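Undergrad: Sharing a structure, written as structure tokens. Questions coming.
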């Protein structure tokens, strides 16, 4: 049966650059020549450790497929993320060139073609200064409503090294979306490199746990009071024990980080949002309600389908047992509050 998603905002859909060659029209002369001379234009540069036909890899969506998805669910809007291999490059300049081309490609090939689509800004995390410059460049286009960063980075995201990025994002009312995946600098588990996809996949929750703790304790939420962080494809069941344990330890070690002047759960509930998919709670209405109660804050969850990746559940996009009274916020209200640029654009279309 079709879920009641008419007019909803999908906060996590994916588009993929088909090849480096597709980006050449959006590169300047220098990088167009460099990509051709080095043979890079013949590569796909996809950001995945999984084989092409593995279920977790999903299938890339073209524009007709994306429109069909928007129509199928009656979506008012969707926010597209583009995960790309440039995140794993060691060259700051090449990564920045890729990000410029990706964002211009996103604008021309997707946003101009489909008015219901909005996008996240892909940035070179190798250099926060270059990332901030790319945010400044793209911010003039109100259809970019978020900044996209990976969950596994060179160092914890709370470190001051990354603060120029947060400053630019806050200035333009852009939430920072932390998406599952990484820069492939370090092993995905604290004890080293795993052997199987399931280990890498399950370890993503540890990455979100560590990054959220870093953002809190390093003082990012204090330094940038207007910044919102969205956890994309993080799951949700890890969050209640994280909140309990972090709060307990903070109470005993408050002098270690005096700038954390409120209980961590209060900070998280005010400043952090999570997308719905993959919803990893049991298919039991009582347990779903208990999990959401432990998280607290009806405004924390954002509707998402993860189309066209493997977590996309088709007509079961809404979890079994999800409280009906939370649906208006989940489907539209929370996204409108989280993404001010998106809300402004949608209000203009109504007017």
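Undergrad: Would you look at the GNM of the chain, springs on alpha carbons closer than 10 Å, and say which of 35, 307, 221 moves the most?
TA: Per the Cα network of the chain with a 10 Å cutoff, 35 tops the list.
Undergrad: Fewest Cβ neighbours within 10 Å first, please rank 122, 191 accordingly. Each step should come with its number before you reach the end.
TA: Working: 122 29, 191 7.
Placing the least packed residue first, the sequence is 191, 122.
Undergrad: Find, to one decimal place in angstroms, the Kirkwood hydrodynamic radius of segment 145-185, where the mean of 1/r is taken over every pair of different Cα atoms and then inverted. Please list the in-between numbers first.
TA: Details: mean 1/r = 0.0932 Å⁻¹.
This gives a value of 10.7 Å.
Undergrad: Could you list 26, 196, 339, 201 in order of exposure, starting from the residue whose Cβ has the fewest other Cβ atoms within 10 Å?
TA: Values: 26 20, 196 8, 339 27, 201 17.
Lowest count first: 196, 201, 26, 339.
Undergrad: Using only the alpha-carbon atoms of segment 142-224 as identical scatterers, what base-10 log of I(q)/I(0) does the Debye formula give at q = 0.20, 0.21 Å⁻¹?
TA: For segment 142-224, the Cα-only Debye profile gives -0.91, -0.98.
Undergrad: Cut-off 18 Å, label point 7 angstrom out along Cα-to-Cβ of residue 191: give me the residues of segment 128-168 whose amide nitrogen falls inside.
TA: Nothing falls inside the zone, counting backbone N under 18 Å.
Undergrad: In a GNM of the chain with a 10 Å cut-off on Cα contacts, which of 264, 241, 150 has the highest mean-square fluctuation?
TA: 241
Undergrad: Anyone know which of 325, 233, 270 comes out most mobile in the 10 Å Cα GNM of the chain?
TA: 325
Undergrad: Right, something else. Express the Stokes-Einstein translational diffusion coefficient of segment 219-351 in µm² s⁻¹, to the nearest whole number, given a Kirkwood radius over alpha-carbon pairs, 4 °C and a viscosity of 1.567 mPa s.
TA: Working: Rh = 16.3 Å.
Estimated via Stokes-Einstein, D reaches 80 µm²/s.
Undergrad: Between residue 108 and residue 254, with labels modelled 7 Å along Cα→Cβ, what's the label distance in nm to one decimal, could you check?
TA: Going by the 7 Å Cα→Cβ label model, 5.6 nm.
Undergrad: Follow-up. How much FRET efficiency would the formula 1/(1 + (r/R0)^6) give for residue 337 and residue 129, where r is the Cβ-Cβ distance and R0 is 22 Å, rounded to 0.05?
TA: On the way: r = 30 Å, r/R0 = 1.38.
Step by step, r from the Cβ atoms, then E = 0.15.
Undergrad: Rank these for me by crowding, 105, 163, 259, going from fewest to most other beta carbons within 10 Å.
TA: Working: 105 21, 163 17, 259 11.
Ranking 105, 163, 259 by Cβ neighbours within 10 Å, fewest first, gives 259, 163, 105.
Undergrad: Can you give the log10 of the normalised intensity I(q)/I(0) at q = 0.09 Å⁻¹, computed with Debye over equal Cα scatterers of segment 135-281?
TA: One equal scatterer on each Cα of segment 135-281 leads to -0.28.
Undergrad: Would you mind telling me the antiparallel percentage of the DSSP bridges in the chain, rounded to 5?
TA: Values: 1 of 26 bridges.
Rounded to the nearest five, the antiparallel share is 5 percent.
Undergrad: Ratio to report: Rg/Rh of the chain, with Cα atoms as the point set and Rh obtained by the Kirkwood method; give two decimals. Before the final figure, lay out the partial values.
TA: Details: Rg = 19.5 Å, Rh = 20.6 Å.
Reported Rg/Rh (Cα atoms, Kirkwood Rh): 0.94.
Undergrad: Could you work out the mean projected area of the convex hull around the alpha carbons of segment 284-325, in square nanometres to one decimal? Let's see the in-between values first.
TA: Numbers: hull surface 13.5 nm².
Averaged projected hull area, Cα only: 3.4 nm².
Undergrad: Starting from 0.36 nm per residue, how many nanometres of slack lie between residue 285 and residue 298 once their C-alpha separation is accounted for? Spell out each step's value before the answer.
TA: Numbers: separation 13, 0.36 × 13 = 4.68 nm, distance 1.63 nm.
Full extension of this stretch gives 3.0 nm more.
Undergrad: Just to verify a number: FRET efficiency for residue 29 and residue 247, C-beta to C-beta distance, R0 = 56 Å, to 0.05? Mind dumping the intermediate values first?
TA: On the way: r = 54 Å, r/R0 = 0.97.
Once rounded, the FRET efficiency stands at 0.55.
Undergrad: Once the piece of chain linking residue 22 and residue 160 is laid out straight, how much longer is it, given 0.36 nm per residue of separation minus the C-alpha distance between them?
TA: On the way: separation 138, 0.36 × 138 = 49.68 nm, distance 3.51 nm.
That pair, residue 22 and residue 160, stretches by 46.2 nm at full extension.
Undergrad: How big is the Rg/Rh ratio for segment 76-200, C-alpha atoms only, Rh by Kirkwood, two decimals? List each step's numbers first, then the result.
TA: On the way: Rg = 14.9 Å, Rh = 15.1 Å.
With Rh from the inverse mean 1/r over Cα pairs, Rg/Rh is 0.99.
Undergrad: Jot down the radius of gyration and Dmax of segment 195-278, Cα atoms only, both in angstrom.
TA: When restricted to the Cα atoms of segment 195-278, Rg and Dmax are 13.6, 42 Å.
No value in this document is a laboratory result; all are computed from the given coordinates. A quick note: this is a predicted structure, and the numbers were derived from the prediction, not measured. Note that each Cβ is placed from the backbone with ideal geometry, even for glycine, and that neighbours are counted across all protein chains shown.
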